[in-house]
Structure formats: C-alpha cells, structure tokens
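Written below as structure tokens is the structure these notes are about.
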Amino acid sequence: MHNNKRLEPTIKHGRFYNNNHEGNKRFLWDYIYMAYSFLHEVYIFLKSLAQGSKRLPADYSSWVDKSPVEAQSIDPVITWIGHATFLIQIGNVNILTDPIFGNSTIFFPRILSPGISLENLPKIDFVIISHNHPDHMDKNSLLALKELNPDITILVPQGDKKWFLKRNFKNVFENLWWQELSFGLIKEQIKFTFLPAYHWSQRGLFDQNKSLWGSWMIEHNNNSIYFAGDTGYSDHFKEIAAQFNKIDIALMPVGPCEPREKMCHSHTSSEESAQAFLELNATHFIPMHWGTFHFGTDTFELPITRLRDWWKINTLKLESKSLHIVKFGKSTVFENLQNIQPVIQKSPQVSL
C-alpha cells in the first residue's frame with residue numbers, strides 16, 4: 001500500500017454507514033423503510049414464482065464441472081462453489097469466502113447444488129466474511145465447518161465477532177476497513193486486508209448496520225486476490241486501487257441485475273462490476289453472486305450474458321485483461337500469474 005488517503009465508514013449512534021449522507025432519517029422512518037423493503041422482497045419472490053421455469057436453464061448439467069480438489073496449493077487455485085462462496089487455495093492454506101452450502105431461506109431455495117459439498121472440502125484454514133447477511137454468513141454452514149475444522153480461523157467485519165464467540169468458535173478476528181492481518185512464517189506469510197464496500201448489514205429486526213461490511217484482499221508471495229463481497233457501485237473501487245500496486249485476480253459480484261431501481265443501492269450490475277474491475281486495474285475477472293439464488297428478477301444466465309456483451313463492446317480497454325466465466329465446482333489454476341495470456345472463457349451453451 002502506498003496512498004495515505006483512505007475511505008472510512010461513518011458511525012452514527014452505534015451504527016455503520018457508507019457515508020455521511022446515510023443515517024439521517026428519523027428512527028421511525030428507518031423501520032417504515034425496512035417494512036417496505038421486506039414487502040418488496042415478497043413481491044420479487046412472488047414474481048419469480050409466476051415466471052417459473054422461464055428463469056431457469058434448460059440443462060443444469062451444462063453449468064456444472066466439478067474438478068478434483070487438491071489438499072492444498074502454493075500457486076493460486078480458485079474454485080467457485082456458488083453465490084459468493086469460493087475455495088481459494090494459495091500458499092498451502094485453504095480459504096473459504098462467505099460460505100453457504102444450503103438454501104438461503106425457505107423463500108429462496110438453492111438453484112444448483114454446491115460445486116463442492118461440505119464433506120468433500122479439504123481442511124479449511126480460514127473463513128473470510130464480507131458481511132452478516134444470512135446468504136453470506138450462513139449459520140448452518142459455519143457450524144458444520146467448525147465441526148470439521150475445530151481450529152479454523154474466522155475473519156469478520158467489526159461487530160460480528162460476538163456472534164461467533166457465542167457459538168464457541170475459537171479463533172475470531174474482527175476488522176475495520178484497511179486493517180491488515182498476517183499469518184504464517186515471515187517469508188511465507190499470507191496477508192488479509194479488510195477493505196471498503198458499499199452495502200449494509202442486518203440479521204435481526206433491530207440490528208441494522210450494527211456491524212460493518214466490506215471486501216477483502218488476500219496476498220501471498222507477490223500474488224493478490226481481491227474478493228469484492230456484496231456491494232453497490234461506488235468510488236471505493238478507485239480508493240482500493242490507489243492503495244495497491246497490483247491486483248491479479250478480482251472475484252466480482254454481477255447480480256442480481258434486476259429490478260435495477262431496487263438493486264442499484266446494494267448490488268453492482270454486470271456492467272457496473274466490469275467497470276469497477278477496470279477501476280481496480282485488476283488482471284483476471286471471475287464473476288460471482290449469480291445463478292445460485294433467485295434474489296432478483298433475472299433469468300438464470302442474464303448476468304453472464306450482459307457481462308460477455310459488455311466485454312465484447314469494450315475490447316480495446318481490455319487488451320491485458322482476462323475474463324474467466326467458471327462453472328459450479330470448476331477449479332481455475334493460476335501459475336506464473338504475470339505470464340498468463342488473456343483469454344475469454346466461453347460460457348456453456350444454454351437455452352433459456
């Protein structure tokens with residue numbers, strides 16, 4: 001890192017906000033807005049049911065390609081499990097991002113099964129959490145991971161540590177934006193940096209924004225992997241780029257795209273995510289947060305179709321960039337990152 005300018009969260013009355021403009025509503029209006037948001041989610045769910053099979057791929061199997069999972073790897077190996085859950089293997093440690101292996105809620109069942117089942121995971125050393133929404137900090141998945149990996153280390157945003165301690169997790173570190181944590185021997189250290197995102201947090205009726213949200217940078221042996229978490233489009237991508245000399249791999253959310261008037265405040269569209277990727281000055285783009293749950297009104301493949309269309313239109317800006325559209329369970333191996341030639345990996349042919 002090299003720039004002293006840093007974006008910081010706003011804290012008002014014990015709650016976090018993205019900026020000074022948020023959190024100025026009266027207390028009662030906050031909860032009226034929350035009620036409206038809930039009803040809007042119900043509307044989206046009912047609309048999803050009405051559309052039925054029109055939103056789903058004709059052939060699920062064409063989007064699944066489960067790779068054999070190695071026990072560990074020095075060079076980066078990234079496997080998409082689904083939604084915002086990745087297995088990241090680097091520096092001979094195994095990292096899970098925002099683990100969820102089941103349904104989000106009874107209203108939002110899983111479309112495709114996890115790319116790797118809990119039972120088939122290698123030993124997990126670290127879990128990194130972007131924020132506490134249930135589809136990113138899933139109770140059942142986390143408790144199962146603790147049973148399988150009793151000494152697992154959990155890295156969470158400020159305000160979420162107590163949730164884990166209450167459930168007897170041993171090694172939990174909570175973080176504010178820009179906080180760094182390093183683990184391992186000096187020459188082989190793996191470093192995690194908690195970074196900004198544009199989002200919000202909530203698990204119960206009265207804890208909205210009581211904990212922070214964010215993104216993560218993982219660094220080892222001059223390799224860097226950025227996990228964007230859940231975020232709307234904002235200036236924080238430029239702020240992050242100003243702090244890092246290079247970003248090799250960016251794991252970026254591309255959905256839900258629609259309804260845009262609802263999603264724009266918390267979720268990047270495919271086009272916004274691609275623009276953010278350019279602003280990050282990253283080299284390799286792996287999309288996530290699509291195709292696992294029907295949170296918006298997107299058809300299954302819409303975020304990927306829009307991402308590929310944007311990529312083709314902006315080819316001249318992407319001369320040194322690579323797009324990796326990965327299937328559920330597919331491992332992508334990154335050896336000699338600086339020498340990998342750009343490539344657009346085509347999505348499978350799916351009839352919608």
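The values are calculated or read from the model by the stated rules, or taken from the named source; none is laboratory data. All values reported here derive from a predicted model rather than from experimental measurement. Cβ atoms come from the backbone with ideal geometry, glycine included; neighbour counts cover every protein chain shown.
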Practice task
Please work out if Q341 is part of a loop (DSSP other than H, G, I, E, B), out of contact with any Gly (no Cβ under 6 Å at 6 or more places or on another chain) and either under 27 Å from N94 (Cα atoms) or at pLDDT 95 or above (or both).
Solution key: yes
Fill in the blank from the handout: Scanning region 165-183 for residues that are within 27 Å of A144 (Cα to Cα) and assigned to a loop (DSSP other than H, G, I, E, B) gives R167, N168, F169, K170, L176
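Residues checked against (1) more than 11 Å from P256 (Cα to Cα); (2) assigned to a loop (DSSP other than H, G, I, E, B):
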position	(1), (2)
T283	yes, no
G291	no, yes
H294	no, yes
F300	no, yes
T305	yes, no
D309	yes, no
K312	yes, no
L316	yes, no
S320	yes, yes
Exercise for the section: Scan region 184-198 for residues that are surrounded by 15 or more Cβ atoms within 10 Å (Cβ to Cβ) and either part of a loop (DSSP other than H, G, I, E, B) or modelled with pLDDT under 95 (or both) and report the count. Expected result: 3
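Look through region 85-123, keep the residues that are charged (D, E, K, R) and within 26 Å of F194 (Cα to Cα), and return whichever of them is surrounded by the fewest Cβ atoms within 10 Å (Cβ to Cβ).
Of all residues in region 85-123, those charged (D, E, K, R) come to 98, 110, 119, 123.
Subset that is within 26 Å of F194 (Cα to Cα): 98, 123.
Details: D98: 26, K123: 12.
Ranking the candidates gives K123 first.
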Handout entry: Output for region 57-74, where each listed residue is modelled with pLDDT of 90 or more and exposed (fewer than 13 other Cβ atoms within 10 Å of the Cβ)
Key = P68, A71
Exercise for the section: Tell me, please, whether a residue that is hydroxyl-bearing (S, T, Y), in contact with a helix residue (DSSP H, G or I) (Cβ under 8 Å, 6 or more places away or on another chain) and farther than 19 Å from Q72 by Cα can be found in region 134-144. Expected result: yes
Practice task
Answer yes or no: is there a residue in region 140-148 that is at pLDDT 95 or above and closer than 24 Å to Q243 by Cβ.
Solution key: no
Completion exercise
Among (1) of a type outside the set (V, I, T); (2) in contact (Cβ under 8 Å) with a residue 12 or more places away in the chain; (3) farther than 15 Å from K317 by Cβ, S273 falls short only on (3)
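Select from region 139-164 the residues that are part of a strand (DSSP E or B) and of a type in the set (V, I, T) and write down the one among them that is surrounded by the fewest Cβ atoms within 10 Å (Cβ to Cβ).
By that ranking, first place goes to T153.
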Practice task
Search region 221-247 for residues being within 15 Å of I286 (Cβ to Cβ) and among the polar types (S, T, N, Q), and hand back the single one that is surrounded by the most Cβ atoms within 10 Å (Cβ to Cβ).
Solution key: S224
Handout entry: I218 vs. criteria surrounded by 23 or more Cβ atoms within 10 Å (Cβ to Cβ), part of a strand (DSSP E or B) and touching a His at 6+ places or on another chain (Cβ under 6 Å)
Key = no
Exercise for the section: Output the qualifying pairs, or none if there are none: Cβ atoms under 8 angstrom, residues six or more apart or on different chains, first residue in region 90-109 and within 20 Å of F227 (Cα to Cα), second residue assigned to a loop (DSSP other than H, G, I, E, B) and β-branched (V, I, T). Expected result: I90/I74; G91/I74; N92/I74; N94/I124; I95/I124; L96/I124; D98/I129
